[in-house]
Amino acid sequence: MIIILIGYMGSGKSAVGKALAEVLEYEFIDLDQFIEEQEGRSISKIFENQGEIYFRKVESKYLSLVLEKSENIVLAPGGGTPCYGDNLKLLKNHSGIHSFYLKASIKTLANRLLSETAKRPLIAHLTSEEQIVEFIGKHLFERSAFYSQTDRVLETDEKSIQDLVEQIVLALF
Ligand code: S3P
């Protein structure tokens, strides 16, 4: 079984994914981390040196690769992964995939991302909370059409990592 956690930057994909993988004794794969290992440099460096279009190309390539060679995994793709190229189609058509959208409010996301802008190339240029809130609001509006095509939507505000893991396990087994 392949469990995919979709969501905006800061929605908790990696934290929930790691905890879920531990409970299920599955391998956890963070797609960004996988890309960094394969490409030998950070996501920020890839954006800086080769630009976003190149990043989206390698993101699709490594997504296909991970899906092809994996059996029992919890996968956390990047926040943009389902929104580019044929990635969403691939996720929907691949057999044995269960997808969850970790839905967080703009306020929650902004609070979490405020101190982490430097390592996230898409928001690295934003300096105030106001700017971040405005950016996330617009961006999330564009992306929600993709995110909401997952099998299940989980509201994450006010929920602990453990609550979300339980909800996912109950939905699957
Ligand atoms: C991106 C999200 C990031 C990373 C890249 C682009 C996006 O992943 O893939 O910076 O387009 O939302 P996280 O969602 O894991 O931060």
Could we say that D163 is of a type outside the set (A, V, I, L, M, F, W, C) and part of a helix (DSSP H, G or I) here? yes
E142 passes all but one of (1) over 15 Å from I4 (Cβ atoms); (2) part of a loop (DSSP other than H, G, I, E, B); which number fails? (2)
Members of region 92-121 found to be among the small types (G, A, S) and open to solvent by 60 Å² or more (accessible area, probe 1.4 Å), listed by number: S95, S115, A118
Which ones in region 123-142 are open to solvent by less than 40 Å² (accessible area, probe 1.4 Å) and of a type in the set (A, V, I, L, M)? I123, L126, I132, I136, L140
Show the residue pairs that are 6+ apart or on different chains and have beta-carbon atoms under 8 Å apart, the first residue being within region 149-173 and buried (at least 16 other Cβ atoms within 10 Å of the Cβ), the second being in a loop (DSSP other than H, G, I, E, B) and hydrophobic (A, V, I, L, M, F, W, C). T156/A104
Flag for I53 being within 24 Å of S160 (Cβ to Cβ) and aliphatic (A, V, I, L, M): no
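The values are calculated or read from the model by the stated rules, or taken from the named source; none is laboratory data. No experiment lies behind these values; they were computed from the predicted model shown. In this analysis, Cβ positions are derived from the backbone assuming ideal geometry, glycine residues included, and neighbour counts consider all displayed protein chains. With ligands, DNA and RNA removed, areas are computed over all heavy atoms of the protein, side chains included. Shrake-Rupley method; radii C 1.70, N 1.55, O 1.52, S 1.80 Å.
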